[in-house]
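Have a look at the structure below, then the notes.
The values are calculated or read from the model by the stated rules, or taken from the named source; none is laboratory data. Please read these numbers as outputs of a predicted model, since none were measured by experiment. Glycine gets a Cβ as well: all are built from the backbone with ideal geometry, and neighbour counts include every protein chain shown. We work out accessible area using only protein heavy atoms, side chains counted, and drop any ligands, DNA or RNA first. Shrake-Rupley method; radii C 1.70, N 1.55, O 1.52, S 1.80 Å.
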Amino acid sequence: MSFDKISVVGLGYIGLPTAAMFASRQKRVIGLDVNQHTVDTINRGEIHIVEPELDILVHAAVTEGYLRATTVAEAADAFLIAVPTPFKKDGGEIPEPDLSYIRAAATAIAPILKKGDLVILESTSPVGATEQLSEWLAEIRTDLSFPQSAGSSADINVAHCPERVLPGHVVRELVENDRVIGGMSPTCSERTVELYRCFVKGECVVTNARTAEMAKLTENSCRDVQIAFANELSIICDRLNIDVWELIALANRHPRINILQPGPGVGGHCIAVDPWFIVSKTPGDARIIKTARNVNDGKPLWVIDKVKIALADYLQSHPTKPISEITIGCFGLAFKPDIDDLRESPAMWITRELARTHNGKVIAVEPNIWEISGEDFSLVPYDLAVKSVDIAVLLVDHKEFKDGKAPDTTHIIDTKGIWI
Ligand code: SAJ
């Protein structure tokens, strides 16, 4: 059976590019989202996020009539679920995954499922989430059979196919990256490979759903551990008065060493979140993964301490200037360079914390965001900020900062090593 109509549930950083990609291959795509503003924006052929080349892709898909967004679920042959999987913020030592968005997606699509449909979970998920999704669907649709009970002869096929694209390179990586496909039965996997083959040029590697879930969590946990190593090095080097950037460049000349770069902490909706999905399932065993999370989560506080030290030093060298007239400038708010994504951003957290605690002015420069409201700091253009800050805190290595002039102050805390 071919896939004439594809429904993508969740039109965010992954769902929208995926929907546009299918549409670019002349598939009829229905994008489902709970946010009316998102739906209206897409139906005008515009996008609500910053991602290179996505605007052209979405505009073409909508004007050619292949992509349409809606807030009401419609029947399709395949459903791709790309909703958030955050963790519960209930203050526990080990955050627990929050599957409520997956459950809401299941509740939305269950009534319109028909025999032969394929349901794919793309959201990064804890081990067992795909089976849980299938259970939720089965609870609502007792008239249909699902792979947990009927295996390859089920009416509905269910698989996990984690997204693995890098924000900022999504359009290219969606096509070129290999895909891990974990079906709940061999037929589920076969159908999923058939669907993705429509635009994926990378290899579609088949496994089971649990291994596919763990593979994605493993990739992001591995990166988190490696970044934690770099962040720990930066703290050690600061204490020992060694330039960590030079040190890493030297060590990386070894043929088998490839140390990542330190920064103000680890942000985003993936690497700062996914390792907890492993830790929460196996808290006694995931010791390095947990420690890495704690090292990376501790880095923003360390940066704040460095700003406090710089402020004390500034006050000492400018004894007549009251603290209320001292401006701290934070350069970058996004969680990584050249995107507008503020989710779990250490830069945003540090800026808010400085704005809350500093008795003078705090300004921020974020070239990818035009306005910000409800914050205790203001957004200022780069050329103005470099002239007016007393203490500069470089938080994101956006290309504008790399290419531009460093701030006109001797008090610079450069967490990305581009102005030193
Ligand atoms: N970071 C550093 N130092 C580095 C590299 C990154 O501090 O050397 C920081 C970034 O500034 C950022 C955070 O880590 O705050 C995460 O950035 P990232 O570029 O490592 O990853 P993401 O979150 O944008 O995307 C990751 C990718 N996973 C891996 O590279 C293993 C991507 O392929 C996944 O698809 C994505 O997570 C996801 O959606 O899970």
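Annotations
- Computed over the chain with a Gaussian network model linking Cα atoms closer than 10 Å, the most mobile of A75, A138, A251 is A251.
- Solvent-accessible surface ranking, highest first, for W349, W302, W370 at 1.4 angstrom: W370, W349, W302
- For the range 36-51, putting each phi into the Karplus relation 6.51 cos²θ - 1.76 cosθ + 1.60 with θ = phi - 60° gives couplings of 4, 4, 4, 4, 5, 4, 5, 5, 7, x, 10, 10, 10, 9, 9, 7 Hz, in residue order, rounded to whole numbers and with x for Gly and Pro.
- For L80, the amide hydrogen comes within under 5 Å of the amide hydrogens of S7, V8, V9, I120, counting only partners 5 or more places away or on other chains and with H modelled in the peptide plane.
- Sequence-separation-based contact order of the chain, relative, with Cα cut under 8 Å and 6+ spacing, percent: 11 percent
- Within the chain, the longest run free of exposed loop sites, counting trypsin sites (Lys or Arg not before Pro) that sit outside DSSP helix and strand states (H, G, I, E, B) and have at most 16 other Cβ atoms within 10 Å, spans 257-404.
- DSSP bridge pairs, the chain: antiparallel proportion in percent, nearest 5: 5 percent
- Put the Cα centre of the range 145-161 next to the Cα centre of the range 1-69 and the gap is 27 Å.
- In this structure, W370 and T63 have a Cβ-Cβ separation that, at R0 = 25 Å, corresponds to a calculated FRET efficiency of about 0.50.
- Longest DSSP-loop-exposure-free segment, GluC sites (Glu not before Pro), the chain, at most 12 other Cβ within 10 Å: 204-370
- Once the Cα-Cα distance is subtracted from the 0.36 nm per residue extended length, the T107 to I94 segment shows a gain of 1.9 nm.
- Once both labels are positioned 7 Å from their Cα atoms along Cα-to-Cβ, the gap between I323 and R287 label points is 4.2 nm.
- K308 versus L240: modelled label distance in nm, points set 7 Å from Cα along the beta carbon direction: 2.6 nm
- Of V72, V29, V303, the residue with the greatest mean-square motion in the GNM of the chain, using alpha carbon springs below 10 Å, is V72.
- Of G404, G417, V393, farthest towards positive along the dipole that unit charges on Lys, Arg, Asp, Glu beta carbons give the chain: G417
- Between N35 and K399, full extension at 0.36 nm per residue minus the direct alpha carbon distance yields a gain of 127.9 nm.
- Residue among L137, L395, L260 with the largest mean-square fluctuation in a Gaussian network model of the chain, springs linking Cα atoms under 10 Å: L260
- Theoretical FRET efficiency, 1/(1+(r/R0)^6), r = Cβ-Cβ of H48 and E173, R0 22 Å, to 0.05: 0.60
- CD proxy at 222 nm, helix term only [per DSSP H run n ≥ 4: -39500 (n - 2.57); per residue of the chain; nearest 500]: -13000 deg cm²/dmol
- Dimensionless Rg ratio for the chain, taking C-alpha atoms and the 2.2 N^0.38 Å reference: 1.08
- Extension gain (nm, one decimal) between T410 and V72, 0.36 nm per residue minus Cα-Cα: 116.1 nm
- Degrees separating the helix 15-24 axis from the principal Cα axis of the chain, which is the longest one: 60 degrees
- Amide H within-cut-off set for V206, under 5 Å, with H built and near neighbours excluded: I181
- Positive end of the dipole of the chain (Cβ unit charges, origin at the Cα centre): among P319, S280, A82, the Cα lying farthest that way belongs to S280.
- Principal-axis tilt of helix 186-196 within the chain, Cα atoms, nearest 10 degrees: 60 degrees
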